[in-house]
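To keep things clear, I will list the structure first and then write my remarks on it.
Every number in this text was worked out from the coordinates using simple rules, so none of it is lab data. As the structure is a computational prediction, the values presented were derived from the model and not from experiment. Methodologically, a virtual Cβ is constructed for each residue, glycine included, from the backbone with ideal geometry; neighbour enumeration extends over all protein chains shown.
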2 protein chains.
Amino acid sequence: MRILVQKFGGTSVADIDRLKMVRGKVKAALDQGYKVVVVLSAKSGKTNKLLDLSTRWAAEPDLAEVDSLLSTGEQASIALFSMLLKDSGIKARSMLGWQIPIITNDEFGRARILSIDASRIHKELEAHDVLVVAGFQGSTEDGRITTLGRGGSDTSAVALAAALDSCECEIYTDVDGVYTTDPNLCSTARKLDRVTYEEMLEMASMGAKVLQIRSVEFAKKYNVPVHVRSTFSDDPGTLVAQEDAMMEAVLVSGIAYDKDQARVTVCGVPDRPGVSAALFAPLSENGIMVDMIIQTASREGVTDMTFTVSRKDLEKAIQLMKEIVARIGGTGVEHDPYVAKVSVIGVGMRNHTGVATKAFAALQQENINIQMISTSEIKISCLIDEKYTELAVRTLHDAFELHKPDHA
Amino acid sequence: MRILVQKFGGTSVADIDRLKMVRGKVKAALDQGYKVVVVLSAKSGKTNKLLDLSTRWAAEPDLAEVDSLLSTGEQASIALFSMLLKDSGIKARSMLGWQIPIITNDEFGRARILSIDASRIHKELEAHDVLVVAGFQGSTEDGRITTLGRGGSDTSAVALAAALDSCECEIYTDVDGVYTTDPNLCSTARKLDRVTYEEMLEMASMGAKVLQIRSVEFAKKYNVPVHVRSTFSDDPGTLVAQEDAMMEAVLVSGIAYDKDQARVTVCGVPDRPGVSAALFAPLSENGIMVDMIIQTASREGVTDMTFTVSRKDLEKAIQLMKEIVARIGGTGVEHDPYVAKVSVIGVGMRNHTGVATKAFAALQQENINIQMISTSEIKISCLIDEKYTELAVRTLHDAFELHKPDHA
């Protein structure tokens, strides 16, 4: 039995005309001899609408009840789509998370998948040609409905593909693949045929909304090739997969950017053991994620600590830092909400030097000042003044000649 | 553990203000020392909206998928109400049909309850003070969601009360009880303090929409006292229960009417064995319910057969009868869509004579012609010209002095 997992997002299930296009994709897979596991999201906006509803009903809505409420969005999608398939003579049925079951832990609202009963799916696929599975949802061991958090349907699809073993996974969306950078910013942006899990993770964490980060982590862990495609075209899309020999030749795959950055600098704090913990513990206790961090060299026993946070957290971060400075000493707290992060991403840079130098030189050429730098094995990120974001993206895209299919 | 089952219908869960009134009813029961099982419907109109949606998606929507879709209405109600309860400090949780489970057969859209796991409910009631259970839904043995048909939430409530043993069952609605007749037709209509299951069944079958027929049958079978009350008042309502000594004194409990009647007469058919079957078999094969039937005395080997059907079925019934007459002989098919049935209902008439005579005389006094008569142990029904319906109801209500609390 050859099984294909196809996942369709909220815009693809928004109305009956779009779901007829989805049916076309499913039929094409059936014609190729596959049994198909279709994973659907709730229609666009439905989950937010239900979340809004729950906050109108209770100051702190019970998370288990919220999950039971939210899961109705996908439940409606899969019931309606199964009707549509059956109506055109396709042997199909819907399956909810608890019916398979997809067992998760009990962290309601952001549950993690623990196990999937693949034997049940195989059994149902003997009686049906298509199973229409609710994305985003699972069930605890004792039968309470859970949801997997934002974009959880991608994770559902990849987890099903992993559980069904050596199966392909197609993620259909409203874009036709992964690009070298945001085509809205850079007209020469080019669709990538392949990208590694690691590169996809870096791009996703920078706000490239093609795939949810956790689904890519899942795909990487279980080595599930994920095919990102458009519901609305027959374009082959982008394959997200393991690094292979061909890909190693590619130095840089893409340029990403993130405008949801704000900078905080705590000035003149005493440079002694434990000071970092004193600064960052209150942030994590308040659920504030810190992205880039720089500590300037100590001078006369004091140092400046600079970090970036999401803009929504800036005010709270400033307040917390002022409290710390009042307690442990320091000359003040500065901040800048108008910064952005641009990143050069590519697995190829593991084995090559000079990528950073080339990036810095290109930005300097345009008089773009680099405020902070952070690097990983496959990424170089620069914090810059927000107003240069578009220019920086285009400059780096040109510098690494990403418009050329054979860039290296 | 004293357990009270409280059921609230679609108008009671329509918005947050109404559900706060529902919460008031639940709190009152908690204050009396009960653990409470709350059964909720989907909010008014939701089930119809979802049904309409499914027929837009498929010419013949798959019934199992329709049930999974419809069940989301109650799922939303119970999640939201549980949030509301928890928000005011009440230990509560929602439970879906499959979570208990409420096991039904697999007649999707009109499933019948086979069993309810009461031990699970008792266990949950040790950890919680209130369980908020989805009405109208259950699950097959192999875990597919089913619904119980129109008004199924009443049945859910009564079945839960029966399963939890010797428990009371309150059905909250937007009327404050069961009346001697429709107060819109008859200003002297009086709310009954008690009514028997049998009387309630006759009234419900005549379109008194206070309780769904199947729920009354269920209550009768398991002897569950059902208390019909209003969500929007503190009025004691009407108790639907077994006949007792006090009730036997009551001759007539109420006057019901049904305008959804149409008369068909098949004239001059040969009066020989098998002719009734020939006439009625095609009707039942086409799903047409026949209510009253009269066969006139045979004359010269031919007879007239008169029966009533629901108005929506009249055209089809006439067509079928014309086909029969063409095949077995007969002089024609007459019909009258403008008829109504008025009924006198009371368990007391089992042990008393003269009720029918009194009813006929009262109608005759007003020159209302009786076209057909049918009787049961506790009911006398007369088919009359529709335009006399209101007059007939008031006349019979007066004749049996139903405005008096101590009528006998």
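Taken residue by residue, region A:191-204 has at least one member that is outside any helix (DSSP H, G or I), of a type outside the set (Ser, Thr, Tyr) and within 17 Å of residue A:393 (Cβ to Cβ).
Report yes if residue B:175 is touching a helix residue (DSSP H, G or I) at 6+ places or on another chain (Cβ under 9 Å) and either of a type outside the set (S, T, N, Q) or free of Cβ contacts under 8 Å to residues at least 40 places away in the same chain (or both), otherwise no. So residue B:175 fails the test. Taking the conditions (1) within 30 Å of residue B:401 (Cα to Cα); (2) within 14 Å of chain A (Cβ to nearest Cβ) in turn, residue B:186 satisfies each one other than (2). Could you tell me whether region B:3-17 includes any residue that is under 20 Å from residue B:170 (Cβ atoms) and more than 24 Å from the chain's Cα centre (by Cα)? Checked region B:3-17: at least one residue is under 20 Å from residue B:170 (Cβ atoms) and more than 24 Å from the chain's Cα centre (by Cα).
Looking only at residues of region A:205-234 that are of a type in the set (Val, Ile, Thr) and part of a loop (DSSP other than H, G, I, E, B), we find that the one that is farthest from residue A:289 (Cα to Cα) is A:231. If I filter region A:2-11 for residues that are within 12 Å of chain B (Cβ to nearest Cβ), under 21 Å from residue A:150 (Cβ atoms) and touching a Ser or Thr at 6+ places or on another chain (Cβ under 9 Å), do I get at least one hit? No.
Sub-9 Å Cβ pairs linking a first residue in region B:301-328 that is surrounded by fewer than 19 Cβ atoms within 10 Å (Cβ to Cβ) to a second residue that is in a helix (DSSP H, G or I), at least 6 apart or interchain, are B:316/B:283; B:323/B:282; B:327/B:278; B:328/B:275; B:328/B:278; B:328/B:279, ordered by first then second residue. Taking the numbered list (1) closer than 30 Å to residue B:352 by Cβ; (2) surrounded by fewer than 20 Cβ atoms within 10 Å (Cβ to Cβ) in turn, residue B:298 passes all entries but (1). Within region A:10-25, restricting attention to residues that are of a type outside the set (D, E, K, R) and touching a Leu at 6+ places or on another chain (Cβ under 7 Å), the residue that is surrounded by the most Cβ atoms within 10 Å (Cβ to Cβ) is A:13. Taking region B:150-166 only, how many residues are of a type in the set (Ser, Thr, Tyr) and in contact with a Ser or Thr (Cβ under 8 Å, 6 or more places away or on another chain)? Qualifying residue count, region B:150-166: 2. Scanning region A:51-73 for residues that are more than 8 Å from chain B (Cβ to nearest Cβ), among the aliphatic types (A, V, I, L, M) and touching a residue at least 40 places away in the same chain (Cβ under 8 Å) turns up A:63, A:70. For region B:9-64, residues that are β-branched (Val, Ile, Thr) and over 22 Å from residue B:111 (Cα atoms) total 6. Taken together, the residues in region A:74-131 that are away from chain B (no Cβ under 11 Å) and part of a strand (DSSP E or B) amount to 9. Taking the criterion of being charged (D, E, K, R) and crowded, with 24+ Cβ neighbours inside 10 Å, the residues of region B:63-106 that qualify are B:65, B:67, B:74.
Residues in region B:13-50 that are within 12 Å of chain A (Cβ to nearest Cβ) and either over 15 Å from residue B:153 (Cβ atoms) or touching a helix residue (DSSP H, G or I) at 6+ places or on another chain (Cβ under 6 Å) (or both): B:13, B:15, B:16, B:17, B:19, B:20, B:23, B:42, B:46, B:49, B:50.
Of B:253, B:298, B:284, all but one fail to be within 26 Å of residue B:186 (Cα to Cα) and among the polar types (S, T, N, Q); the exception is B:253.
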